[in-house]
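What follows is a short report on a single structure.
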């Protein structure tokens, strides 16, 4: 056996992937103390203006730099969600790049963010993590210009990404309107499968393929049909991100539970108890605003499953994505499951 197969990266982290996120309710309470960015702020760049900032918790910050160009800036990193270091790097990079696609941008340059327990894990594993991130960035046509590393008790990796977007074709949380269908570009279930992987070592190639797939094509398809409202589905689960979108847009989201796609093995993982604390916190956060209808607790946990590098959730019918519901006028509940 080589050192690559002897070391299980997930055993060096308390959590993993986007389930490591601070719970959404706690995060919003902290951020509520900060005023929204003044849209006139451009940091000294003539004609610049903040187009997407802190107000609704969109996926990236966007600043207009001239008439037809906007700068997109985002950052994302987390602890290992899989044991293979190369796959970990690929997943973390795809996840970070996704935030640029989620607002309708194209990534230009990324900087690595690496935390590594150098006294516990060999640096050749860190090399594999960085190699995975570089390969995915190259696939996206995004340059990698260095970054920053620290000696950390837990391995962590991600990227700070800068991109460009058309200010008139942004995808944002607050642009949803009644009557629009809801499309999801990737199946759910990577959270529970990753939890099973961490506990047992069992590998799920379909989950890895989903997490390493770029959201570039879905974002371009959304732009092609004129969509203006979207987000990516990550640590807050489908229900959490859908709640944020519907709340920001002043509408109610209706989900057809039977239409939501799942990865093979996801239902079995829930039944066997491989549910992260992050998933349960997601469901608790959304529950006061949710009409769960006839669905079971198992189904609710899957809908709240904390995803890592999940798909795009778009208000509009997008080629190649699955229509899972629609937006309707605001009612008593922000999210309804049927």
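Values in this text are rule-based calculations from the coordinates and carry no lab data. Small disclaimer: the values here were computed from a predicted structure and weren't measured. We place every Cβ from the backbone using ideal geometry, glycine too, and count neighbours over all the protein chains shown.
Computed extension gain for residue 271 through residue 199, at 0.36 nm per residue and net of the alpha carbon distance, reaches 24.4 nm. Reported value for the stretch 171-337: 93 Å³ per residue, from the convex hull of its C-alpha atoms. The peptide list 67-77, 314-324, put in order of mean Cβ contacts within 10 Å with the highest first, becomes 314-324, 67-77. Taking 311, 57, 145 in turn, the Gaussian network model of the chain (Cα-Cα springs below 10 Å) assigns the largest fluctuation to 145. Plainly put, the stretch 166-238 has a radius of gyration that is 1.07 times its Kirkwood radius, both from alpha-carbon atoms, as the Rg/Rh ratio. The length gained on full extension between residue 73 and residue 296, counted as 0.36 nm times the residue separation minus their Cα-Cα distance, comes to 76.4 nm. Binning all Cα-Cα separations of the stretch 137-178 at 5 Å, short to long from zero, yields these whole-percent fractions: 5, 12, 17, 15, 14, 14, 10, 8, 3, 1. With q set to 0.13 Å⁻¹, the log10 of I(q)/I(0) for the chain, from the Debye formula over equal scatterers at the Cα positions, is -0.95.
Cα centroid distance between the stretch 239-273 and the stretch 82-129, in Å? Going from one Cα centre to the other spans 26 Å.
Where only DSSP H runs of four or more residues are counted, the chain gives -9500 deg cm²/dmol as its mean residue ellipticity at 222 nm, each run worth -39500 (n - 2.57). One decimal place: the segment residue 209-residue 65 gains 48.3 nm when fully extended, by the rule 0.36 nm per residue minus the C-alpha distance. For the chain, the relative contact order comes to 23 percent (Cα pairs under 8 Å, sequence separation of at least 6). Site pair residue 54 and residue 323 shows an inter-label distance of 3.9 nm when each label is modelled 7 Å from Cα along Cα→Cβ.
All C-alpha to C-alpha distances of the stretch 274-327, sorted into 5 Å bins beginning at zero, yield P(r) values of 4, 16, 22, 22, 22, 11, 2 percent in whole numbers. The GNM of the chain, with springs linking C-alpha atoms under 10 angstrom apart, assigns the highest mean-square fluctuation among 310, 104, 265 to 265. In the elastic network of the chain, a GNM with C-alpha springs shorter than 10 Å, the most mobile of 308, 200, 231 is 200.
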